[in-house]
Each structure stands twice: as C-alpha cells, then as structure tokens.
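Worksheet for the structure shown next.
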Amino acid sequence: TFTGNVGDSYTAVKKDVSGYVFKKGTGNETGTLGETAQTVTSVYAQIGKAVTVNYVNADGKQLADSEEFTGNVGEAYHAVQKDFDGYHFKRVEGNPDGLLTDQRQTVTYHYAKPAADVTVKYIYTKG
C-alpha cells in the first residue's frame, strides 16, 4: 500500500517469488496518487516440476534420449509413444497425458524385441 499526498508518485515493483513466475499485471505500475483509490495487481503462476519421459528396452537400456516437459502448475503435457526398429511397444508406466504439478513425474515407455518364430515340422516315415 502506498500512502502520501495527491500528486505524489508511486512505483509498484514486481516481486521475485521463489517457485513462481510473473504472468501478467493489471493497473498502472507507476503513476501518481489521486483522489480515487487505485489497485495494481501482479499475477504469478507456480512453476511446475518437470515430467521426464523415458524409452527403455527390457534390460532398462535407453532406446532414445529422455525428453522433459516443463512449465507452470496446471499446464498440460502429452508424452508420445515412439517406434524403434527391432522393437515393439509393451507397456507404459506413468501417465502419458496430464497436468504439470508441484511434484516430479516420470513416464516410461517399455519396449521388447519380438521373439523369433518357432517352426514345428512333422515328418512321417514308413516302416
């Protein structure tokens, strides 16, 4: 709150708030005090924790570099299943579609090598 006399100048300074990022402001950040009350509002968004996306084979070996989604709490992310030569998709662990939160999240796509076919032959002989 700024107090003073009509005509005195004021400057509303944006604050640095740990874990938050300034999004927008309303009202005049600088001006002069008048006979009518004024409001200056600064809107901040909470910075979300990253969502890490991994692509691994049955041995836990990375098939591609991890990807990371970052942004503010409440913003959407969408992790994409990929195709890898010589592997087929088995399962996904974690939520591939969701919202960033104040907690780290991990999405892991698991892949496996397809097994070779087994051919069974039946041979009949006389005798």
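The values are calculated or read from the model by the stated rules, or taken from the named source; none is laboratory data. If you're wondering where the values come from, they're calculated on a predicted model, not measured in any experiment. Ideal geometry is used to build each Cβ from the backbone, glycine not excepted, and the neighbour counts take in all protein chains shown. Note: accessible area is taken over every heavy atom of the protein model, side chains too, but ligands, DNA and RNA are not part of it. Shrake-Rupley method; radii C 1.70, N 1.55, O 1.52, S 1.80 Å.
Brief remarks on what is shown
- Restricting the range 12-33 to residues that are surrounded by 10 or more Cβ atoms within 10 Å (Cβ to Cβ) and of a type in the set (S, T, Y) leaves a set whose member that is farthest from Y77 (Cα to Cα) is T32.
- Out of T125, T101, T36, sole residue that is under 23 Å from the mean Cα position of the chain (by Cα) and either surrounded by 14 or more Cβ atoms within 10 Å (Cβ to Cβ) or assigned to a loop (DSSP other than H, G, I, E, B) (or both): T101
- Check on A45, open to solvent by 70 Å² or more (accessible area, probe 1.4 Å) and among the aliphatic types (A, V, I, L, M): no
- The residues in the range 41-96 that are part of a strand (DSSP E or B) and among the hydroxyl-bearing types (S, T, Y) can be counted, and the count is 6.
- The numbered conditions (1) in contact with a Ser or Thr (Cβ under 9 Å, 6 or more places away or on another chain); (2) of a type outside the set (D, E, K, R); (3) modelled with pLDDT of 95 or more are all true for G98 except (1).
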